[in-house]
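Nothing in this text is a laboratory measurement; each read-out follows from the coordinates by a stated rule. This structure is a prediction, so every number in the text was calculated from the model and none was measured. Cβ coordinates were reconstructed from backbone atoms using ideal geometry, including for glycine residues, and neighbour counts include every protein chain displayed.
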Amino acid sequence: MTETRPVEPTPGTAGTAVHDWPVDHLDALEFDPLLHRLLREEPVARNRLRFGEGDAWLLTRYEDVKAVTADPRFSRALTVDRPVTSMTPHCLAPAGGIGRTDPPDHTRLRRLVAQAFNRKRVAELRVGAQAIADRLVGAMVRHGPPAELTESLTGPLPERLIGTLLGLPPADLPRLQEWRAVILSSSRSPDEGNTVKAEIAGYFRELADHRLRHPGDDLFSELVAAHAEGALSRPELISLSVMVVLNALDQVRNQTSTMVYTLLTHPEQLARLRAEPALLPATVEELLRFIPQRNGVGLPRIATEDVAIGDTLIRAGEAVYVSYLAANRDPSVFTDPDRPELTRDEAPHLAFGHGAHYCVGAALTRMQAEVVLGTLLRELPGLRLAVPPGRVSWHRGTVNRGPETLPVTW
Ligand code: HEM
């Protein structure tokens, strides 16, 4: 177990080799080979990504990742205006965005959204989510096989759900999907990314003006009211809404599609789940642990003091990335980590992060994953891929991984 504690600065880190991490395209469930190697050979490493300046620390071990993300001596606010080496040409999270703040700002912003996505609210949303899934799968059955799952179920379900939750006009959803595709790409130019970020911000600003005059019974109206009362600034209101909508549209679609793909390509696990449907919540957890949800790494943190991670000294002012993906494959925590095992009963996974920035949408994602898998198992017992696994095409040049399309039959 690694300890993080303040230490006297020592000249220990100079000369540490810097790894170039181009974050090459990976297909299907392939795990990033650099992460796999660093986790075993160099769990506290220095890396340089394609964009930004200089290099940064990269931590891959479960205990180190947990320690740093729970340690207030690592700041997100200090990343604002620092061109830390990064995998995207433009910073995905805007300054003032929830991911780039520290307490007390962070605590205030989280409080405003956390309630909307807490377990109780999500349990209430489940009835509506199930009704949407039933309608979508009902339509698949009526049309007959084959079907394209991202179009028929895993795309529209989160879209409709977040649309209802935020009170977004259904006609606007295709436009939001187009913006999402550009912003969450790692292969567009900084200009393109910034133009689209300005457009989506403009969209929410206009909607905010409208909701101020005509409030609805939805989360966005609640946030607009909180802004009117001075609980959050206008840029904070906009970036929070953008962050929530982008995550909700992108992550749930990719994650639930990849979960279906994983089960369909691991028939022994699928058979187990079919034989024992009560394993569904455990299945979702194990798939969250096992699936490499993203390319590269998320947002860095900046050390505010010198901190030792094991034998390595991280100096005040240095940038640190953690890989939740690698932590989820740590062989000192998970037996045979590179295999999905639905009845695994080991440590909790870190797919949703850890500490103060733990994912706000975790309960919403888990619920939708259970609804998608549960409905498919029940309604389409013969479900299988309609093409050989190697013919499924996967997103390229994106932050989040997932199939572009998922042809299935039954
Ligand atoms: C499979 C689905 C998802 C995964 C794997 C995921 C994962 C994560 C991770 C790893 C973090 C960052 C932890 C960190 O900064 O250290 C995060 C933060 C966040 N996620 Fe998710 N997420 C998912 C779905 C969602 C959904 C559906 C929403 C919105 C409804 C959402 C909203 C957020 C927000 C707002 C944050 C920032 C929290 C903060 O900085 O305090 N996520 N998520």
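Histogrammed with a bin width of 10 Å, the alpha carbon distances of segment 54-203 distribute as 9, 25, 32, 25, 8, 1 percent, first bin at zero.
Between Leu279 and Thr343, what is 0.36 nm times their sequence separation minus the Cα-Cα distance? Round to one decimal in nm. It would help to have the intermediate numbers written out before the result.
On the way: separation 64, 0.36 × 64 = 23.04 nm, distance 0.77 nm.
Here the answer is 22.3 nm.
Subtracting the Cα-Cα distance of Ala70 and Ala139 from their residue separation scaled by 0.36 nm leaves 20.3 nm. Across segment 231-268, no residue has a backbone nitrogen under 12 Å from the label position 7 Å along the beta-carbon direction of Asn118.
Toward the positive end of the charge dipole of segment 4-409, with +1 on the Cβ of Lys and Arg and -1 on the Cβ of Asp and Glu, the farthest Cα among His90, Gly138, Thr312 is that of Gly138.
Would you mind calculating the gained length between His19 and Thr335 on full extension (0.36 nm times residue separation, minus the Cα-Cα distance), in nm to one decimal? Kindly include the intermediate steps, with their values, before the conclusion.
On the way: separation 316, 0.36 × 316 = 113.76 nm, distance 2.76 nm.
Length gained between His19 and Thr335: 111.0 nm.
Please identify the helices of the chain, taking whole runs of DSSP H, that span at least 20 Å along their own axis as judged from the Cα atoms and have a mean Kyte-Doolittle score of -0.5 or higher. Correct list, ordered by number: 119-143, 234-264, 362-379. When the helices of the chain are scored as -39500 (n - 2.57) per DSSP H run of n ≥ 4 and the total is divided over every residue, the value at 222 nm lands at -14000 deg cm²/dmol.
Among the DSSP beta bridges whose two residues both lie in the chain, what percent are antiparallel, rounded to the nearest 5?
Numbers: 22 of 29 bridges.
So the antiparallel bridges in the chain amount to around 75 percent.
Please work out the FRET efficiency for the pair Arg108 and Ala131, using the Cβ-Cβ distance as r and a Förster radius of 30 Å; give the result to the nearest 0.05. It comes out at approximately 0.30. Projected over all directions and averaged, the alpha-carbon convex hull of segment 299-392 occupies 9.6 nm². Its Cα centre serving as origin, the chain has a Cβ charge dipole (Lys and Arg +1, Asp and Glu -1) of approximately 740 debye. Over the chain, the fraction of Cα-Cα pairs per 10 Å bin, rounded to whole percents and listed from the shortest bin up, is 4, 22, 32, 26, 13, 2, 0. Taken along its principal axes, the alpha carbon cloud of segment 251-337 reaches lengths of 53, 28, 20 Å, longest axis first. Rounded to whole numbers, the Karplus 3J(HN,Hα) couplings from phi for segment 401-410 are 8, x, x, 5, 9, 9, x, 10, 9, 7 Hz, using 6.51 cos²θ - 1.76 cosθ + 1.60 with θ = phi - 60°, and x at Gly and Pro.
Report the per residue volume, in Å³, of the convex hull enclosing the C-alpha atoms of segment 118-162. Can you show the working numbers first?
Values: hull volume 2.7 nm³, N = 45.
Spread over its residues, the Cα hull of segment 118-162 gives 61 Å³ apiece.
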